[in-house]
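Asks: Dropping the structure in here first, questions after.
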Amino acid sequence: MPGSGGGPGAMLGSALTEASYSTNTANALIHLYRAEVGKMTAYRQRLDMTTNWSVVTTAGLASFALGDPNNSHATFLFAMFMNYFFLRLEARRFRSFEIAHHRVRIMERFFYPAMLGDKVDTGWHQLLLAELSKPRSPMTRADALGWRLNRNYLWIYTAVLFAWFAKLDLSQPKGWTLEFPDALSLADIGNFPGWLVFAGVTAFYTHLIVLAVRAAQTYPLEEG
């Protein structure tokens, strides 16, 4: 998508300037911009709210698990599950946030430069019309999960993992030497052997790391 500001992507001819907009058109676009910024603000608050839920839930479960030696280490496995639920909920909200963000960036990149007399792609409004007629997030669900993981949840999951290890260490009998593979029995949960629990946690964290690494690093509208 050609850019603005007179750079390599700027259109040299048929410039769309402030004279090309009627008062009604300009006012409509300005009100649309304000509405989309309002949506972004609301969804930004909802994203923070989900992260706060995750932090509070993790802290509460960790306090419960570590507060009594008789409490099961499975509490931390439940914390991992709850955080994944919050992560998926936050990723869905993030994709909705990015729909509004995408429209705002279109207007900031093309409409306002044109109003200020810069030369921009004369077909930029078709991009905005396409976004309005069929709203779609500029990122995939996997990218949204990866972005939120990189921003917040990897730190939360790291804390949960270390707290789980601490719980397993505190639950071993006094004077017992931690040796492999006997140490795996510390993670036993009822009829589930410890090695299976460790395998499940390892696979789950591998999945999280893959999501974080593969997440797109560049916002789509900034490419080109």
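The values are calculated or read from the model by the stated rules, or taken from the named source; none is laboratory data. Here the structure is a predicted model, which is why all the values come from computation and not from measurement. Backbone-built Cβ (ideal geometry, glycine too); neighbour counts: all protein chains shown. To get the accessible areas, we keep the full protein, side chains included, count just its heavy atoms, and leave off ligands, DNA and RNA. Shrake-Rupley method; radii C 1.70, N 1.55, O 1.52, S 1.80 Å.
Asks: Given the criterion polar (S, T, N, Q), touching a Gly at 6+ places or on another chain (Cβ under 7 Å) and over 29 Å from Thr50 (Cα atoms), identify the matching residue among Ser185, Ser171.
Replies: Exactly one residue qualifies, and that residue is Ser185.
Asks: Please work out which one of (1) under 24 Å from His125 (Cα atoms); (2) of a type in the set (Val, Ile, Thr); (3) open to solvent by 70 Å² or more (accessible area, probe 1.4 Å); (4) at pLDDT 85 or above is the condition Ile30 fails and give its number.
Replies: (3)
Asks: OK, next. Looking only at the range 146-171, filter to residues that are more than 20 Å from the chain's Cα centre (by Cα) and without any contact (Cβ under 8 Å) to a residue 24 or more places away in the chain; which one of those is surrounded by the most Cβ atoms within 10 Å (Cβ to Cβ)?
Replies: Phe165
Asks: Tell me, please, whether a residue that is modelled with pLDDT of 90 or more and out of contact with any Pro (no Cβ under 6 Å at 6 or more places or on another chain) can be found in the range 105-125.
Replies: No.
Asks: Quick check on the range 128-145. Is at least one of its residues surrounded by 18 or more Cβ atoms within 10 Å (Cβ to Cβ), at pLDDT 85 or above, more than 14 Å from the chain's Cα centre (by Cα) and not hydroxyl-bearing (Ser, Thr, Tyr)?
Replies: Scanning the range 128-145, I find no residue that is surrounded by 18 or more Cβ atoms within 10 Å (Cβ to Cβ), at pLDDT 85 or above, more than 14 Å from the chain's Cα centre (by Cα) and not hydroxyl-bearing (Ser, Thr, Tyr), so the answer is no.
Asks: I'd like the full set of residues that are aliphatic (A, V, I, L, M) and in contact (Cβ under 8 Å) with a residue 60 or more places away in the chain, limited to the range 71-98.
Replies: Ala74, Leu77, Ala79, Met80, Leu87
Asks: When you check Glu90 against the structure, is it at pLDDT 85 or above and open to solvent by less than 10 Å² (accessible area, probe 1.4 Å), yes or no?
Replies: yes
Asks: Which of the residues belonging to the range 69-87 are of a type in the set (S, T, N, Q) and either open to solvent by less than 20 Å² (accessible area, probe 1.4 Å) or in a helix (DSSP H, G or I) (or both)?
Replies: Thr75, Asn83
Asks: Sticking with this one: Just give me the residues in the range 104-123 being open to solvent by 20 Å² or more (accessible area, probe 1.4 Å), closer than 20 Å to Ser133 by Cβ and in a helix (DSSP H, G or I), in sequence order.
Replies: Arg105, Arg109
Asks: Residues in the range 12-25: is at least one open to solvent by 40 Å² or more (accessible area, probe 1.4 Å), in a helix (DSSP H, G or I), modelled with pLDDT of 90 or more and not acidic (Asp, Glu)?
Replies: No; the residues of the range 12-25 include none that is open to solvent by 40 Å² or more (accessible area, probe 1.4 Å), in a helix (DSSP H, G or I), modelled with pLDDT of 90 or more and not acidic (Asp, Glu).
Asks: Would you mind finding the one in Lys174, Lys167 that is at pLDDT below 80 and of a type outside the set (S, T, N, Q)?
Replies: Exactly one of Lys174, Lys167 is at pLDDT below 80 and of a type outside the set (S, T, N, Q), namely Lys174.
Asks: Taking only the range 93-103 into account, find how many residues are open to solvent by 20 Å² or more (accessible area, probe 1.4 Å), within 30 Å of Gly200 (Cβ to Cβ) and either touching a Leu at 6+ places or on another chain (Cβ under 7 Å) or of a type in the set (Val, Ile, Thr) (or both).
Replies: Number of matching residues: 1.
Asks: Are any residues in the range 191-224 over 19 Å from Thr140 (Cα atoms), at pLDDT below 90 and open to solvent by 80 Å² or more (accessible area, probe 1.4 Å), and if so, which ones?
Replies: Asn191, Phe192, Trp195, Gly224 - these are the residues of the range 191-224 that are over 19 Å from Thr140 (Cα atoms), at pLDDT below 90 and open to solvent by 80 Å² or more (accessible area, probe 1.4 Å).
Asks: Just the residues that are among the hydroxyl-bearing types (Ser, Thr, Tyr) and either loosely packed, with under 14 Cβ neighbours inside 10 Å or more than 15 Å from the chain's Cα centre (by Cα) (or both), please, taken from the range 47-57.
Replies: Passing the criteria: only Thr57.
Asks: Here's a follow-up. So in the range 58-103, with the set limited to residues that are under 30 Å from Pro135 (Cα atoms) and charged (D, E, K, R), which one is farthest from the chain's Cα centre (by Cα)?
Replies: Restricting to residues being under 30 Å from Pro135 (Cα atoms) and charged (D, E, K, R), the top hit is Arg103.
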